[in-house]
1. With Val194, Val179, Val170 as the choices, which residue is of a type in the set (Val, Ile, Thr) and more than 30 Å from Leu136 (Cβ to Cβ)?
2. Considering each residue of the range 60-96, count those that are aliphatic (A, V, I, L, M), buried (at least 16 other Cβ atoms within 10 Å of the Cβ) and touching a Phe, Trp or Tyr at 6+ places or on another chain (Cβ under 7 Å), and give that number.
3. Are any residues in the range 192-216 modelled with pLDDT under 90, of a type outside the set (Gly, Ala, Ser) and surrounded by fewer than 13 Cβ atoms within 10 Å (Cβ to Cβ), and if so, which ones?
4. Kindly indicate whether any position in the range 233-252 is loosely packed, with under 14 Cβ neighbours inside 10 Å and within 28 Å of Gly366 (Cβ to Cβ).
Amino acid sequence: MDPLAPFGMAAEDVPRLSRWNKVGIGFLGLFVVAAVVASLVRLPYYRISPGSVYDTIERVEAPAEQVVIPEGDIGFVTVSQTADISVWQWLDAQIDENSLIRHEDEINGDQTTEEKREQDQRRMQVSKSAAVVVALQRLGYELIVTPLGVEVASIFDCTAADGALGTGDVIIAVDDAEVLTTQDLLDALSEFAVGDELELTVERIDPNNPTRSNATEIVGITLGSADDACLADDVRADEPRPFIGIGTAQMFDEALPFDVDIDTGRVGGPSAGLAFTLAIIDVLSEGELTNGLSIVATGTIDRDGNVGPVGGVHQKTIAAEEAGADVFIVPLCCEQFVDRTTGEDVDTPSNYEEALLHADEMKVIGVATLDDALKAIGELGGDVDDFLTPVDA
């Protein structure tokens with residue numbers, strides 16, 4: 001019996017797929033499989049894209065009686081870093097002129113993602129501390145700033161520090177020489193040669209509270225050389241010199257007239273230091289520092305008011321423009337870099353030049369110091385005269 005008879009059809013009446021139809025279905029099936037794979041497979045790359053602009057003014061935390069909310073805005077800007085991207089995200093980034101792809105080794109180096117995040121948070125804390133000190137000094141407050149030692153901010157593989165020190169430890173002496181500042185540490189090391197043994201007095205960090213130490217220990221090490229062949233390219237020096245193998249951060253104790261902080265949430269890194277400094281000055285003073293303008297700033301800040309370079313200026317410029325900023329303040333630095341592998345000069349635009357390339361309607365201002373930033377804002381009508389460094393007659 002014809003199985004199709006109950007349906008009023010004969011077998012010869014059933015449409016047959018042509019060879020091309022079968023080929024088309026095959027390609028469709030392959031496409032579906034490829035699409036699923038492209039969505040599920042993760043690649044060891046970061047996608048670097050424009051991030052967000054955050055209103056720094058509303059994040060300044062200070063006693064209510066000290067706060068004067070201004071009309072203008074001072075924002076800090078971030079770069080979006082997406083890890084372990086999919087094939088689709090990788091392909092999309094290839095056609096997005098405002099995105100970059102970087103291998104995870106370029107971003108994290110020898111650190112794990114979690115270690116990198118912790119380091120970024122520490123650098124953010126150092127940045128906030130410097131911003132508070134600089135801003136309060138410009139506001140006329142007398143501060144007592146006491147150097148406490150040199151923090152181990154990072155440890156390099158294949159060095160004397162590897163396995164002997166931990167991030168967060170604070171070096172307070174080299175042999176019998178007290179170490180309170182980074183310069184003290186450099187001066188002490190200059191008395192030794194590669195291969196010498198020395199003793200570091202170290203305050204060990206409390207693993208349950210990274211802001212406190214829980215022990216002081218003597219750590220013996222044998223100095224390596226900064227040009228050791230086993231060091232990573234971005235660490236190794238061109239000439240031999242005594243080398244512990246650490247990145248450092250200066251530790252201070254500040255006696256402040258009142259508590260000041262900035263709520264940065266999970267944002268890490270030091271590149272918002274200039275924005276923090278300007279926002280604190282604006283919130284804790286009368287008048288309109290920005291003349292009511294929307295200003296976005298990027299750049300590190302040190303305790304002398306120097307503005308340092310940052311990464312991701314292309315993406316930050318796009319983010320600031322899209323956020324509607326009137327002005328984007330960026331570091332003038334740095335026009336010259338050297339490829340550590342080849343020793344050749346790298347033709348890289350400065351932060352300022354890069355911002356100019358990608359800005360559209362907003363005004364871009366390049367600065368090297370906090371005074372530069374304040375003067376530029378003053379030329380836009382802002383109330384800045386009380387905060388500029390006095391010029392000797």
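The values are calculated or read from the model by the stated rules, or taken from the named source; none is laboratory data. All figures in this text were calculated on a predicted structure; none of them were measured in a lab. All Cβ positions, even for glycine, are placed from backbone atoms using ideal geometry, and neighbour counts span all protein chains on display.
1. Details: Val179 fails: more than 30 Å from Leu136 (Cβ to Cβ); Val170 fails: more than 30 Å from Leu136 (Cβ to Cβ).
From the options Val194, Val179, Val170, the qualifying one is Val194.
2. Residues that pass the stated criteria total 2.
3. Pro207, Asn208, Asn209, Thr211, Arg212, Asn214, Thr216
4. So far as the range 233-252 goes, yes, one or more of its residues are loosely packed, with under 14 Cβ neighbours inside 10 Å and within 28 Å of Gly366 (Cβ to Cβ).
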